[in-house]
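Worksheet: one structure, shown below.
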Amino acid sequence: MRSKVILIALASSLAACNTPDLADKGVAAVNVPVVTSADYVFDAAAPDGALAPGEADRLNGWFQSLGIGYGDAIYVDGGYADAARGQVAAIAGQYGMMVSAGAPVTIGVVQPGTVRVVVSRRRAEVPHCPNWSLPAQPNYDNRNMSNYGCGVNTNIAAMVANPEDLIHGREGAGTGDVRAAAKAVQFYRSQAPSGTKGLSDISTKKDN
């Protein structure tokens, strides 16, 4: 009897050693937001640093086609970038956007007499969700469901205004607004408890 118990124990130990270390056996979700980045370029004629006639309208139409908004970053590149930045910023300001300093590296050389406007766009999404690739049962390895994390993380990816915030946090300001910090507390204290007005008289009968 003792020898059988020893054999069973050895077999269990060997089975445990052969179990792979799966990523979805912990409490952390495998389905997490992924931030992608894409750069869109627009070359505009700008002799002597001023946009040529009609180029401002073309640039405005390009911004409209891209649907630029919060989370996008706009740059101006080229030899006349400093001179043309003001005109580009005026057009971008119509969309509530600002022109950032510097410019990312893009394919191709900016031709003389032109400027390159770059829109860097980041998007957050959770790949392969919803994910029902694995059956819920049987589950001998105590793994999470394949869809675990898809609901919460997909909502986070959809709601975040600037996907870059998922990569790194923002640096806090050296000073704080005391009024903004106390606004929520003041609102909470000034409101009367909901129970002070009694229960609402609700009828399920249809009024004639």
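Looking only at the chain, where both bridge partners belong to it, what percent of the DSSP beta bridges are antiparallel (to the nearest 5)? Let's see the in-between values first.
Numbers: 17 of 19 bridges.
About 90 percent, rounded to the nearest 5.
Mean separation of Cα pairs under 8 Å and 6+ residues apart, divided by the residue count of the chain: what relative contact order is that in percent?
Computed over the chain, the figure is 26 percent.
Do you know the relative contact order of the range 37-122, to the nearest whole percent, from alpha carbon pairs under 8 angstrom that are 6+ apart?
The normalised contact order for the range 37-122 reaches 49 percent.
With springs connecting C-alpha atoms under 10 Å apart, model the chain as a Gaussian network and identify which of Leu166, Leu59, Leu22 has the largest mean-square fluctuation.
In this elastic network of the chain, the residue with the biggest mean-square fluctuation among Leu166, Leu59, Leu22 is Leu22.
Mean-square fluctuation check for the chain, GNM, Cα pairs under 10 Å: which of Thr36, Thr196, Thr106 is largest?
Per the Cα network of the chain with a 10 Å cutoff, Thr196 tops the list.
So which residue, out of Tyr80, Tyr95, Tyr140, gets the largest mean-square fluctuation from a GNM of the chain using Cα contacts under 10 Å as springs?
So, out of Tyr80, Tyr95, Tyr140, the one fluctuating most is Tyr140.
Just subtract the alpha-carbon distance of Val152 and Ser100 from 0.36 nm times their residue separation and send over the number in nm, one decimal.
That works out to 15.5 nm of additional length.
Using only helices, what value at 222 nm comes out for the chain when you add -39,500 (n - 2.57) per DSSP H run of length 4 or more and divide by the total residues, to the nearest 500 deg cm²/dmol?
Numbers: 5 runs with 65 residues, N = 208.
Roughly -10000 deg cm²/dmol at 222 nm, from the helical runs in the chain.
Extending each Cα 7 Å along its Cβ direction at Glu125 and Met159, get the distance between those two points in nm, one decimal.
Each label point is offset 7 Å from its Cα along the Cβ direction, giving 2.1 nm.
Rule-based calculations on the coordinates, nothing more; no lab input. A quick note: this is a predicted structure, and the numbers were derived from the prediction, not measured. Ideal geometry is used to build each Cβ from the backbone, glycine not excepted, and the neighbour counts take in all protein chains shown.
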